[in-house]
1. Taking amide H positions as placed 1.01 Å from N in the peptide plane, with prolines and chain starts having none, which residues 5 or more places from residue 32, or on another chain, fall under 5 Å of its amide H?
2. Working out 0.36 nm times the residue gap between residue 72 and residue 117, then minus their Cα-Cα distance, what length gain in nm do you get to one decimal?
3. Which net charge results when you count Lys and Arg as +1 and Asp and Glu as -1 among the other residues whose beta-carbon is under 12 Å from that of residue 69?
4. What distance in nm separates the two pseudo spin-label positions at residue 139 and residue 105, each 7 Å out from Cα along the beta-carbon direction?
5. Using only Cα atoms, find the angle between the long axis of helix 132-143 and the longest principal axis of the chain, and express it within 0 to 90 degrees, rounded to the nearest 10.
6. Within 10 Å of each residue's Cβ, count the other Cβ atoms and sort 137, 122, 23 from fewest upward.
Amino acid sequence: MPAHRSPEPSAPPPAAPGVIDAVAWVHVRDGRLLNVRSAGKDALYLPGGKREPGESDVEALVREVREELSVRLRAETARPFAVVDEDAHGYPAGTRVRLLCYTAEHEGEPVPSREIRELAWVDERDAARCAPAGRRVLEALRERGLLG
């Protein structure tokens, strides 16, 4: 009787691309949308970031915007603007970003701080400089008549 050979072990399937779950501040002034560029990045992004354990969306948004732009968002004024699901710029193919976008009133003047190297006020003419999720927000602002 011939010896039975076990099949060669197969490699595990590649991990499914991830989803980056984050919050972002949508702030328009004079018909232009506030964007930032972090150190080492080649695109503009909406201010914001990922939640820390136990944080609500608004708590994370307030913390991230304070860290990035040295302004205090007034949490009680935070209002949902849009949920954007888009390709995550700068990540492996198939990675998505799910961005919960909020508007909110603030105190102070936005200035780059921490890892932020550039602050930019953009409109649709600048869309090519923005990450895909930011381009989607620009489209939503245009559709609502909020861009200059």
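1. 148
2. Details: separation 45, 0.36 × 45 = 16.20 nm, distance 1.92 nm.
So the extension gain works out to 14.3 nm.
3. Working: positive: 63, 66, 72, 114; negative: 64, 67, 68, 107, 109, 115, 118.
The answer is -3.
4. So the two model labels end up 3.2 nm from each other.
5. 40
6. Working: 137 23, 122 18, 23 27.
Arranged by neighbour count, lowest to highest, 137, 122, 23 become 122, 137, 23.
Read-outs: derived from the displayed coordinates by stated rules, not from any lab. Since we're looking at a predicted model, the values are computed, not measured. Neighbour counts run over all protein chains shown; Cβ positions are idealised from the backbone, glycine included.
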